[in-house]
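The block underneath contains the structure these notes are about, expressed in structure tokens.
The values are calculated or read from the model by the stated rules, or taken from the named source; none is laboratory data. Since this is a predicted model, take the numbers as computed values, not measurements. When we count neighbours, we look across all protein chains shown, and the Cβ atoms used for this are built from the backbone with ideal geometry, even at glycine.
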Amino acid sequence: MSDALEQERRIESHLNPPASYDLADHPVPTGREEVWRFTPLRRLRGLLDGEASDAHLKWETTLPEGVTLTEIDADQARELELPPNERPAALAAELSGGAMLLDVPADARVEEPVVIRLTGASVDDLVWGRLLYRIGAHAEVTIVLLHGGSARYSAIQSFLVGDGAKVNVLSLQDWDDDAVHLGRDAIRVGRDASVKHTSISFGGDLVRMHANVEYAGPGGEAELLGLYFADEGQHLEHRLFADHTAPKTKSNVVYKGALQGQGAHTVWIGNVLIRKVAEGIETYEENRNLVLTDGCQADSVPNLEIETGEIEGAGHASATARFDDEQLFYLRSRGVSEKEAQRLVVHGFFNDLIRKVGIPSIEEKLLETVEAELAKNVLKNV
């Protein structure tokens, strides 16, 4: 890499601190920092303190032929992974002891999804996670991560996607009501590779997820999708960063969320950095929130940082609203009950995004989960 390009890549976004393994570079936040001001720090229950722990989540895996999962030590992980740029990820790298490495060989066409199910036993368990996914050049694979049970869990994950590869990643946070989960998914997209990354949050007391993308060469594409449904008292936070570090790359972000119940709080922070070297790129970020009851709060902040005017297109959109009165009136005027009308509106709000997931079994589960969430509050009170 040339000195000029290396200097270019050291330019940092105001919403993404410099990467470092040194914990001194990631002090304990006070809540006044821009990247922490929406997060209720008191509810993190020790995840920022740096206490060592030998607790683990229960692992269940489905590994198609040719895909391997091995344990590597901390030094090997550091040679491969994308370094942490926030305190929880740095702590996970420091305290996990080692890492799990999933390998998909070059040119592999993996027909069945790779499934990793992680289950916690108790919120008293403090668990540090470190996972790496290495996808070889021109491979095609779907990876499904399922989180459930209860724990206080902080994880750093790196997805290293080879040139020309095609990868579909889905991470589902369906924890018990008392769980706390801080996660960072860092993705490096190879030349002419494509990545779809979907983050879905339903369960947990507090969930704060990052998806960060950078590009190892021209022609890479990233589609970042997300869906969340917050109930009474829940805090669900999703933060996105697309770092266009190569020319003629693409990123498309679509996140949708619904809120119901007193104290339900969602946060979506989107950010795209278009560097001087990233000429000819295309990017768009969109966040939509549907507030179903009183007493909810949805924070949505899209950002664009542009350092070159030689781009194909860049934009963003954000909206937070209640039920569409016109839609409800239209349905009610045709004999649809109020309960059924609200159910149809919510399903319509989520349906197009769910159908983009690309994993039929997960899509059906998501539709069922949306129905179950509605039954908790909105439909019950009609």
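Okay, here's what the table says:
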item	result
Flag if Ala77 is among the aliphatic types (A, V, I, L, M), part of a helix (DSSP H, G or I) and either within 20 Å of Asp124 (Cα to Cα) or not assigned by TED's automatic domain parsing to the domain that holds Leu146 (or both)	no
Filter result (in contact (Cβ under 8 Å) with a residue 60 or more places away in the chain and of a type in the set (Asp, Glu)) within segment 229-284	Asp231, Glu232, Glu237, Asp243
Count - residues of segment 36-92 that are within 19 Å of Leu145 (Cβ to Cβ), in contact (Cβ under 8 Å) with a residue 40 or more places away in the chain and among the polar types (S, T, N, Q)	2
Scan of segment 188-210 for residues that are without any contact (Cβ under 8 Å) to a residue 40 or more places away in the chain, within 30 Å of Lys248 (Cα to Cα) and among the aliphatic types (A, V, I, L, M), ordered by number	Ala193, Val195, Met209
Pairs where the first residue, in segment 295-320, is closer than 11 Å to Thr283 by Cα and the second is among the charged types (D, E, K, R), C-beta under 6 Å, 6+ apart	Glu312/Glu282; Gly313/Glu282; His316/Glu285
Subset of segment 128-165 [within 22 Å of Leu366 (Cβ to Cβ) and of a type outside the set (Gly, Ala, Ser)]	Val141, Thr142, Ile143, Val144, Leu145, Leu146, His147, Tyr153, Gln157, Phe159
Arg188 being surrounded by fewer than 24 Cβ atoms within 10 Å (Cβ to Cβ) and over 21 Å from Trp36 (Cα atoms)	yes
Residues satisfying the stated conditions in segment 124-167, i.e. farther than 26 Å from Asp178 by Cα and not aliphatic (A, V, I, L, M)	Tyr133, Arg134, Gly136, His138, Glu140, Thr142, Ser158, Phe159, Gly162, Asp163, Gly164, Lys166
Selection count where residues are free of Cβ contacts under 8 Å to residues at least 12 places away in the same chain and either in a helix (DSSP H, G or I) or touching a Phe, Trp or Tyr at 6+ places or on another chain (Cβ under 9 Å) (or both), scope segment 352-367	6
Those residues of segment 83-106 which are over 22 Å from Asp54 (Cα atoms) and among the small types (Gly, Ala, Ser), in sequence order	Ala106
Residues within segment 187-205 that are closer than 24 Å to Ala375 by Cβ and among the acidic types (Asp, Glu), tallied	1
Unmet criterion (only one of (1) over 25 Å from Val345 (Cα atoms); (2) crowded, with 19+ Cβ neighbours inside 10 Å) for Leu227	(1)
Qualifying residue in segment 194-209 (condition: of a type in the set (Val, Ile, Thr), in the same structural domain as Trp268 (by TED's automatic domain parsing), more than 21 Å from Val114 (Cα to Cα) and surrounded by 24 or more Cβ atoms within 10 Å (Cβ to Cβ))	yes
Condition met for Asp231 (among the charged types (D, E, K, R), touching a Gly at 6+ places or on another chain (Cβ under 6 Å), at negative phi and in the same structural domain as Leu15 (by TED's automatic domain parsing))	yes
Members of segment 106-151 found to be of a type outside the set (A, V, I, L, M), outside any loop (DSSP other than H, G, I, E, B), out of contact with any helix residue (DSSP H, G or I) (no Cβ under 9 Å at 6 or more places or on another chain) and more than 17 Å from Gly358 (Cα to Cα), listed by number	Arg117, Thr119, Gly120, Ser122, Asp124, Asp125, Tyr133, His147, Gly148, Gly149, Ser150
